[in-house]
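Report on one structure; see the data block that follows.
The values are calculated or read from the model by the stated rules, or taken from the named source; none is laboratory data. Source: prediction; values computed, not measured. Positions of Cβ are backbone-derived with ideal geometry, glycine not excepted, and every protein chain shown enters the neighbour counts.
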Amino acid sequence: MFFHLQCAQLEIEKPSLFQFLFLSASPTSVGVVTSDFASGGRFKTFEPNSFTTFPTSIPIHSDAVGRYTNDRVFIVNRLNRDSIQVLNPQLGFLTEQEFSVGQGKNPQDISVWNDKYFISLYNSDELAIYSRTNGTKIGGVSFTSLRETFSTSGIPDSSVESSYMIQDGTSLFILLQRLDRNDVSGYLPPNSDSYLVEIDMDLNQIRTVYTLPYRNPSSKIQKVNLFGEPYLVFSCVGRVGFISQIDAGIIAFRLSTRQFHPSRLFAEENAGGDILAFQIKNEELGFAAVLDSGFTKTVQAFRPRTGERIGTLLQIPGNIGISLSGLLLTSEGKLLVGSTDFTRPGIYVYDSNLGNVLLNPIPSSVELTPFDIFQLQNLQ
């Protein structure tokens with residue numbers, strides 16, 4: 001009798017088809033790029049208030065990131081697929097367009113402007129421009145003049161390591177890491193300054209190049225209202241991984257003056273390691289995914305106004321084969337943290353409105369391992 005009672009309860013608690021459709025279309029749903037880190041990945045949708053993962057499962061590359069803009073999901077299939085995949089939410093996220101950006105170009109991000117796609121390429125010295133109509137290349141913005149002129153080997157490479165982008169008005173801001181691929185160590189240290197480049201999206205040309213106060217920007221760019229006005233905020237990691245040093249942090253670029261805030265919002269000295277990803281709620285609360293020199297992974301809370309560390313939400317020792325991948329603070333205040341535990345991968349959900357309490361001690365499954373998490377809202 002106990003067995004039948006349990007089955008009946010489970011049957012009652014199953015979400016109806018209406019609930020699936022409603023939640024999947026609601027502003028609280030998020031997109032999740034998942035991967036098996038080998039043969040392929042899947043795009044999934046997840047509702048953090050109900051911990052619901054929906055049946056939608058769109059095949060994508062095993063190394064991909066996602067962005068939602070102009071009422072579409074854009075999957076940036078990176079190295080070895082080198083394509084942009086456009087999914088239509090109104091058609092069950094079916095792929096309505098996919099085009100190549102060139103073998104080995106390793107696309108990193110996409111921005112939509114009128115009839116153009118701007119695409120940053122890690123293995124190139126230009127910002128590529130493609131037709132929104134048919135996915136053919138129609139131009140580019142050259143970064144040849146921004147290549148490094150120094151290498152410890154004496155032979156500078158020809159790539160500028162273009163990465164994440166964000167729009168503001170008619171300007172497109174893009175981060176250039178400018179790493180030394182020919183460094184004698186065999187690693188890719190930032191031996192030259194990194195840049196934030198402002199592009200005129202109407203004229204397809206560089207407006208201004210800003211030298212970053214710290215090197216190797218590695219996070220997505222957030223547009224955040226701080227100190228009464230909008231800033232572009234991103235994390236620089238400097239030397240990271242096997243060559244890690246305490247040498248960077250989260251920095252803010254003031255849009256009204258086109259100048260960097262004089263202080264880091266969260267310094268590596270306070271975090272105790274490289275800040276790989278972050279999310280900021282307001283001046284008093286932010287979250288950071290940190291990797292220290294011993295490969296311990298933590299999710300920390302910090303105060304952007306003062307730069308102080310105010311708590312640790314999650315800590316994973318360096319000798320455990322679990323990583324953190326994907327960090328998102330939703331507009332409702334839920335902090336989503338992707339866990340790459342291969343025995344139980346999934347998404348942890350914390351509530352920043354309730355003292356950062358963990359709502360699901362067992363991470364919610366999204367089938368494969370989460371790699372990138374993003375809101376299904378037009379944010380730029």
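For this structure, a couple of remarks:
- Flag for ARG147 being modelled with pLDDT of 95 or more, closer than 28 Å to ILE60 by Cα, basic (Lys, Arg) and surrounded by fewer than 17 Cβ atoms within 10 Å (Cβ to Cβ): no
- If only residues of region 129-144 that are out of contact with any Ser or Thr (no Cβ under 8 Å at 6 or more places or on another chain) and of a type in the set (A, V, I, L, M, F, W, C) are counted, the one that is surrounded by the most Cβ atoms within 10 Å (Cβ to Cβ) is VAL141.
- Of the strands (runs of 3 or more DSSP E) that lie entirely inside region 85-175, those containing 1 or more residues that are under 30 Å from ILE251 (Cβ atoms) span 107-113, 116-121, 126-131, 137-142, 162-168.
- Residue count for region 37-69, restricted to those that are over 15 Å from GLY92 (Cα atoms), more than 18 Å from the chain's Cα centre (by Cα), touching a residue at least 24 places away in the same chain (Cβ under 8 Å) and surrounded by fewer than 20 Cβ atoms within 10 Å (Cβ to Cβ): 5
- Residues within region 178-197 that are touching a strand residue (DSSP E or B) at 6+ places or on another chain (Cβ under 6 Å) and in a loop (DSSP other than H, G, I, E, B), tallied: 2
- In region 322-380, the residues that are at pLDDT below 95, buried (at least 18 other Cβ atoms within 10 Å of the Cβ) and under 30 Å from GLY169 (Cα atoms): none
Residue by residue, here is whether (1) among the polar types (S, T, N, Q); (2) more than 19 Å from LEU327 (Cβ to Cβ); (3) free of Cβ contacts under 8 Å to residues at least 60 places away in the same chain holds:
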| site | (1), (2), (3) |
| --- | --- |
| ILE206 | no, yes, no |
| TYR210 | no, yes, yes |
| ARG215 | no, yes, yes |
| SER218 | yes, no, yes |
| LYS223 | no, no, no |
| GLY228 | no, yes, yes |
| GLY238 | no, yes, yes |
| ALA248 | no, no, yes |
| LEU255 | no, yes, no |
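- Residues located in region 217-230, provided they are over 15 Å from the mean Cα position of the chain (by Cα) and not β-branched (Val, Ile, Thr): ASN225, LEU226, PHE227, GLY228, GLU229, PRO230
- Matching residues in region 325-348 - criterion: being assigned to a strand (DSSP E or B) and charged (D, E, K, R): LYS334
- Filter result (under 20 Å from GLU126 (Cβ atoms) and among the small types (Gly, Ala, Ser)) within region 68-102: SER83, SER100, GLY102
- Of all residues in region 225-284 being basic (Lys, Arg) and part of a loop (DSSP other than H, G, I, E, B), the one that is surrounded by the most Cβ atoms within 10 Å (Cβ to Cβ): ARG264
- Breaking point among (1) assigned to a strand (DSSP E or B); (2) of a type outside the set (Val, Ile, Thr); (3) surrounded by fewer than 14 Cβ atoms within 10 Å (Cβ to Cβ), for ASP202: (1)
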